[in-house]
1. So for the pair residue 130, residue 40, with labels modelled 7 Å out along Cα→Cβ, what separation do we get in nm?
2. Considering Cα pairs under 8 angstrom that are at least six residues apart, work out the relative contact order of the range 1-119 and quote it in whole percent.
3. What's log10 of I(q)/I(0) for the range 208-349 at q = 0.17 Å⁻¹, Debye sum over Cα points only, no solvent?
4. Where does the chain land on Rg(C-alpha)/(2.2 N^0.38 Å)?
5. Using a Förster distance of 51 angstrom, determine the FRET efficiency expected from the C-beta separation of residue 69 and residue 257, and round it to 0.05.
6. Find the percent of Cα-Cα distances in the range 241-283 that exceed 17 Å, and round it to a whole number.
7. Between residue 270 and residue 57, what is the spin-label point distance in nm, taking each point 7 Å from the Cα along the Cα→C-beta axis?
8. Relative contact order, percent, of the range 232-329 when contacts are C-alpha pairs under 8 Å separated by at least 6 residues?
Ligand SMILES: Cc1ncc(C[n+]2csc(CCOP(=O)(O)OP(=O)(O)O)c2C)c(N)n1
Ligand SMILES: [Mg+2]
């Protein structure tokens, strides 16, 4: 029945379906802005629907959406208590129709997603087109994500980071059970993906784990590379999306500053795979989907059977998906009353 994540770069099927709801049961979620804001130009949140929000932390209830009923409690316990109160026939009316609608909406979205290879430019900007043409031999983020999706074990725990390539990935991995996806949803700190996956492995030593981070965010957390290979530490697999830019910030600036950007370039001479090797763990660079699939499968096998950590540096083109918070930002405006001629260098004391 699951149709994927709502929110930033998530599942269009989830958005289309929830937009038709009369009642939303939000079970164990704080409904943070990133998971409820408009996506793909669809303002899907059903404003007239009555919302029942269940969260273990009462302070989070009603933070972003007006609730009809707020319940502070453990999601599983509350779900069981609600189920126990429902009569046998609850939800039977038109159940088949709803199941069909869910099934067809989900299949249509998955088909659309499998044919999405590239990112669009906003009117008046051409960064993505230029990026594609400049490096036609490189994978786009979506092509890489499809390869990753096909190599991830079903039971893997994954972590994500804040950045454009990680965000594009919100639509791809699917999970059969809970507690598999770690993401820095509330404050969105860059540098979360790597330490989070080390923690996930320490907590679940028998489960394959794969962390994801963009190259800028990874740089914030990379000092852990010198620690994570120590004896007795469980092995992990880490994927680094290497587009040599603080991509998410570049997308914001190209959009709001007339296709222009500043301060978003990373050093082309830095090689994360070789830094990994220098730290005594394995590092590989991959350029094609077949190499990526193979490297990921091999790294997970090494993690599980030989306790070996691998960093996979995935070389991507510089295409960029939807900007963060399109809804919250706008083009800079000229501030009234300030003339550039009024600006003068500071005089030394
Ligand atoms: C600690 C911290 N610093 C800055 C930011 C602002 N920020 C959000 S995304 C981003 C760029 C991330 O770049 P990268 O990790 O290379 O991923 P990409 O967007 O290129 O895929 C930055 C600087 C943040 N979220 N957290
Ligand atoms: Mg980057």
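The numbers here are math on the coordinates, done by the rules we state, and not lab data. Computed from a predicted structure; not experimentally measured. When we count neighbours, we look across all protein chains shown, and the Cβ atoms used for this are built from the backbone with ideal geometry, even at glycine.
1. 2.9 nm
2. 24 percent
3. Result of the Debye calculation: -0.96.
4. Dividing the Cα radius of gyration by 2.2 N^0.38 Å gives 1.11.
5. That gives a FRET efficiency of 0.70.
6. Roughly 46 percent, rounded to a whole number.
7. Once both label points are built, they end up 3.0 nm from each other.
8. 42 percent
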